[in-house]
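Single-structure report; data block below.
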Amino acid sequence: MKNMKSDKRNKKKLFIRTFGCQMNVYDSETLADLFFLRNILLTDNMGEADIVFVNTCSVREKAEQKACSFIGRLQRFKLKKPNLIVAVGGCMGQRMGETLPERFPFVDIVVGTDTFYYLPELVERYRTSGKKLVQLEFSREFPRLPLVKECVSGQVTAMVTIMQGCDNFCTYCIVPYVRGREKSRPSSDIVREIQELTSKGVKEVTLLGQNVNSYGLKDGDITFPELLRLIARETDLLRLRFTTSHPKDLSEDLMKCFHDLEILCKHIHLPVQAGSNKILRLMNRRYTREEYLQKVRKLREYCPEIAISTDVMVGFPGEEEADYLDTLRLLEEVRFDTVFSFKYSDRPGTAAASFRGKVPEKVKTRRLIQLQELQNKITLEQNEKLVGTVQEVLVAGTSKADERQLTGRTGDNHIVNFYGPRNLIGELVPVTIVEAYAHSLKGELPLVGEFSREKDQCVICR
Ligand code: SAM
Ligand code: SF4
């Protein structure tokens, strides 16, 4: 998140530490905007903060442990600066509520996933009353968000949440409990936010939701494919992405969008979770292995060059060696471009937490390592196919590892690093891929004039 430029003297400062998914990042950006409207500025130096907000994740046990360890360390800061206000929010805030200040007595305010918007008001209330505050209720509608977008100014890419919550109740997942029922954001608000972002220089937007495919089906004005078409028509974006898609709701109309809409990047994140029908049933995913494979085939018919990524879990309760091997076989059959893989962990209150047949930790670790070895090999082979091709890269900035290099993504979501002038940041640039690694590609700018874009104009020398 960018620091806000303004006269910083005499203004109160907010420090935010975000754990978890892109939705949490978006929520933190929104919160920073809400504080900005009250003249409280974001700082990346915790030492100078008057308010610290920890935005937490509960999806896996490890994510909660990380957040708790960070919160624990705040005690030292509070002792040094007794007026510091410590607030915790996000999924763990929602889940633990009142018990958080009991465990960490220096936590002053706890907000949930729908109530974090009230944090600026709660901070004021806390300042006058000195009483600890916990506010957790869910709201029925998607909130009307400020369109300040101060946090993203100067960025090439941004995220926009289009839905909150989830109604699917996969048996392992805590999201429906900590994020509440699914709600879709009005399409006009989404379009206005994207227009605001493009006016600030943003070129690519990723639409966020736990299951974007069900956008609008329950409470919206239009369906998800209609929303994509609307955004393509009404905004000046160069590129549009979305995540996450639930396979059971992936419609042919959406597949068609990959073929029809030029701004839609040719990449889909389609979490499969497991390759065994027995496990998929126990997970309540509501599709079979065969149905998943059929959707992948259809997608590739509509858009042969589409890149597909996925999430998989090992060690779900009841997963026997044969089930696990089914997952490996599915990875070999689909040949995903990227796989995010996790060891199953019990989440309190979910159905699977009380399932029998828990898999020992040692077995989970062994399965995860083997699966990752297999997928790393596949990913590298997929990446190697790109060597020698020219890819259009949206240059997002300089590489963290080497400031002299530029970094960006291809439409199908590969990270490409290459040497080039900084004035290319924000541009779509043709880049020749010269080397493939497991997680990125090395590129080179074609010789000036070698590659001509529309109207025979080279983006580099124009
Ligand atoms: N909505 C997405 C979907 O339907 O696949 C997933 C969202 S979830 C926040 C992100 C990923 O975390 C899941 O795809 C799953 O692989 C993983 N995950 C969720 N619950 C988990 C658990 N209890 N243990 C391990 N991994 C889990
Ligand atoms: Fe969790 Fe399933 Fe909802 Fe995804 S679809 S957020 S995995 S309950």
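Worth pointing out:
- Three-way shape label, region 70-205, alpha-carbon gyration tensor, a/c 1.5: oblate
- Over the chain, DSSP H runs of length four or greater, each weighted -39,500 (n - 2.57), average out per residue to a 222 nm ellipticity of -10500 deg cm²/dmol.
- Estimated FRET transfer efficiency when R0 is 25 angstrom, pair residue 76-residue 125 (beta carbons, to 0.05): 0.45
- Sites residue 195 and residue 363 - FRET efficiency at Förster radius 41 Å, r taken between beta-carbons, to 0.05: 0.20
- Cα gyration tensor, region 1-91 - rounded (a/c under 1.5), prolate or oblate: oblate
- Note on residue 78: aspartates and glutamates with a C-alpha under 14 Å away, same-chain residues under 8 apart excluded, are 48, 50, 108.
- Inter-centroid distance (Cα atoms) of region 161-205 relative to region 236-312, Å: 18
- Of 390, 111, 339, the sequence from fewest to most neighbouring Cβ atoms within 10 angstrom is 390, 339, 111.
- DSSP-defined beta bridges in region 306-419 - what % are antiparallel, rounded to 5: 60
- Relative contact order, percent, the chain [alpha-carbon distance under 8 Å, six or more residues apart]: 9
- Exposure proxy order (Cβ contacts within 10 Å, fewest to most) of 403, 61, 319: 403, 61, 319
- Residue-wise HN-Hα coupling along region 257-265, computed from phi with Karplus coefficients 6.51, -1.76, 1.60 (Hz; x: Gly, Pro): 4, 5, 7, 8, 9, 5, 6, 7, 5
- Pairs from 13/132; 298/364; 203/377 whose Cα-Cα separation, in the structure shown, is over 24 Å: 298/364; 203/377
- Projected-area average for the chain over all orientations - Cα convex hull basis, square nanometres: 22.7
- The chain: antiparallel DSSP beta bridges as a percent of all, rounded to 5: 35
- Region 337-376: C-alpha gyration tensor shape, a/c 1.5 cut-off, then a/b vs b/c: oblate
Any read-out appearing in this document is the output of simple, stated calculations on the displayed coordinates, not a laboratory observation. Because the structure is a prediction, the values reported are computed rather than measured. Positions of Cβ are backbone-derived with ideal geometry, glycine not excepted, and every protein chain shown enters the neighbour counts.
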